Amino acid sequence: MFDKFREECGVVAIYGHSEAAKLAYLGLHALQHRGQESAGVASSDGQLLRLHKAMGLVADIFNEEVLSRLPGSLAIGHTRYSTTGDSALLNAQPIRVECNKGSIALAHNGNLVNAADIRKRFERQGSIFQTTSDSEIIVHLIAQSRESSLEEAIADALRRVEGAFSVVMLTPDHVFAARDPRGFRPLAMGRIPATASTRETVVFASETCAFDLIGATYERDVKPGEMVVAGPEGVHSRFYASPLPTTNCIFEHVYFSRPDSLVFGRPVQESRELMGRQLAREAPIDADIVVPVPDSGVTAAMGFALESGIPLQFGLIRNHYVGRTFIEPEQRVRDFGVKLKLNPVRNVLQGKRVILIDDSIVRGTTSRKIVRMIRDAGAKEVHMRISCPPTISPCYYGVDTPTREQLIGANKSVPEICEYIGADTLSYLSLEGLRRACGEETEETSFCSSCYTGKYPTNWVDVHQIQAAEVK
Ligand code: SF4
């Protein structure tokens, strides 16, 4: 219903807890915003890998009975919004396979840009794939690796894939967690301290909000090119590949991640507030109130209001209890889809000059409806401010985006977009301002911003070919 880039996937892994599957399930619950199509948990009791996955939301898929069928002290979990492969149960994760290296389950957040090439090569050699998802490539590469130990085979497989991957893997007695050498997608490591009756638990998750729910403390991020292994011998880490120039996804800070998470070691809430403050400095305007588009525009709006001294007012209220499909009356209601989710507060907006803050404009269709809704509620002026630059190019690193043809920022100038959405003025945060708001860039924290620049950091993907195919 909203015109947004769609979150990719969330992963979680637990090593060394008697209720590992339950903790993985709780972690997935905290990561639900990263994917709502399917979810799954695989567990191990030291010998057998068990798996449950289904389409739907985490809370609907798991119950006491299902979790009781996932015993053991090791578990991994995945929540998915499809990026590659269709969204059928077939492609839900974790993926579990039996191969010459034993039983392995894998959960992946990201997108492998050379998956199609590798798959074609394997299929020519007679390999049969169970899914249409790019993630399965990794398990085939592990199975076909000439390395004799599983750890070396995983390292070998990860060196052969290109693109974005934060992966967690489960074998009967080990948990592996690894990030691609550019570190596109986040992956944090934490621990639940030992008690008198329990030993220390090692946990991994896409975002630290998952740690808060299970009582884990954030320790550090898995580094780009690093693989951390937790097993009976303890925890050890190695670099399976030399890190490449870091390209953390800056959109995690703009929109994807929860504001209560630390992502790439930095509080998302702080980044968003600074985006709002910077936006107020770059694009000031005389107005009566600052109104966020809930929920993702709230923190940036708070920053804008604090910096500009213009009061923040909740002029739009979001209904959180909207399901996937709703029956529209035969006599169609204008902007029905948006009205289901957002409702204007007339007494707040009436006669006011409104600064409306949102985190992005993708196609422009939703922004147009929201501006109209605010005007219909009596606002005198609507000044739209966006807490990132115009999105002009699709993402190939694990985010579902429209084609370049559909991105309004790729096809219209800012004044043209302003006219299309019906605002009085429109300004975006500059890329430099966004980078500054997300923290000082160092070798370890520098950002991917390809969807704002059209310049891609990976070599192997032929982006122009993909774009040409999209246009067809
Ligand atoms: Fe993130 Fe955009 Fe880069 Fe994709 S292209 S990884 S959404 S910054």
Computed ³J(HN,Hα) along region 446-451: with the Karplus parameters 6.51/-1.76/1.60, θ = phi - 60°, integer Hz and x for glycine or proline, the list is 10, 10, 7, 9, 4, 6
By the mean-Cβ-within-10 Å protection proxy, highest first, 144-152, 246-254 rank as 246-254, 144-152
Here, trypsin sites (Lys or Arg not before Pro) of region 252-352 satisfying both criteria (DSSP loop; at most 11 other Cβ within 10 Å) are Arg324, Arg332, Arg334
Note to self: with every protein chain in place and a 1.4 Å probe, the chain gives an accessible area per residue in Å² of 41 Å²
Rounded to the nearest 0.05, FRET efficiency between Arg363 and Leu89 (Cβ-Cβ, R0 45 Å) equals 0.95
Sequence order, region 295-309: Karplus ³J(HN,Hα) from phi using 6.51 cos²θ - 1.76 cosθ + 1.60, θ = phi - 60°, Hz rounded, Gly and Pro as x, gives 8, 6, x, 5, 5, 5, 5, 4, x, 4, 5, 4, 6, 8, x
The simple spin-label model distance between Asp295 and Ala196, using points 7 Å out along Cα→Cβ, in nm, is 3.8 nm
Among trypsin sites (Lys or Arg not before Pro) in region 16-80, those in a DSSP loop whose Cβ has at most 14 other Cβ atoms within 10 Å are Arg69
Quick calc, Arg69 & Ile128: beta-carbon distance into FRET formula, R0 30 Å, rounding 0.05, result 0.60
Between Asp221 and residues 5 or more places away or on another chain, the pairs with built amide H atoms under 5 Å apart involve Met189
Cα-based Rg/(2.2 N^0.38 Å) for region 9-247, rounded to two decimals, is 0.92
Of the accessible area of region 57-154, computed with a 1.4 Å probe and all protein chains kept, carbon and sulfur make up a percent value of 47 percent
Lys and Arg at +1, Asp and Glu at -1: neighbours of Val333 with Cβ under 15 Å from its Cβ sum to +2
PRE zone check, label point 7 Å out along Cα-to-Cβ of Asp156, amide N under 17 Å, scope region 92-120, hits 99-104
Nearest 10, in degrees from 0 to 90: the angle of helix 115-124 to the longest Cα principal axis of the chain is 40 degrees
Checking region 190-238 for trypsin sites (Lys or Arg not before Pro) in a loop per DSSP with at most 13 other beta-carbon atoms within 10 Å yields Arg199
Each label sits 7 Å from Cα toward the beta-carbon; between Leu213 and Asn100 the label points are separated, in nm, by 4.0 nm
Scattering profile of region 267-339 from the Debye formula, Cα beads only, expressed as log10 I(q)/I(0) at q = 0.15, 0.19 Å⁻¹, is -0.61, -0.78
Extension length gain for Asp376 and Glu432 (0.36 nm per residue less Cα distance), in nm, is 16.6 nm
Note, region 243-249: 3J(HN,Hα) by Karplus (6.51, -1.76, 1.60, θ = phi - 60°), whole Hz, Gly/Pro = x, goes x, 9, x, 5, 9, 4, 5
Treating only Lys and Arg (+1) and Asp and Glu (-1) as charged, each at its beta carbon, one finds that region 9-247 has a dipole about its Cα centre, in Debye to the nearest 20, of 420 debye
For Glu441 and Thr403, extending 7 Å from Cα along the Cα-Cβ vector and measuring point to point gives, in nm, a value of 3.1 nm
The set of residues whose placed amide H lies less than 5 Å from the amide H of Val113, leaving out same-chain residues fewer than 5 positions away, is Glu162, Gly163, Ala164
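The values are calculated or read from the model by the stated rules, or taken from the named source; none is laboratory data. Every value quoted in this text rests on a predicted model; they were computed, and no experiment measured them. So basically every Cβ, Gly included, is an ideal-geometry build from the backbone, and we count neighbours across all protein chains shown. Note: areas computed on protein heavy atoms with side chains; ligands, DNA, RNA excluded. Shrake-Rupley method; radii C 1.70, N 1.55, O 1.52, S 1.80 Å.
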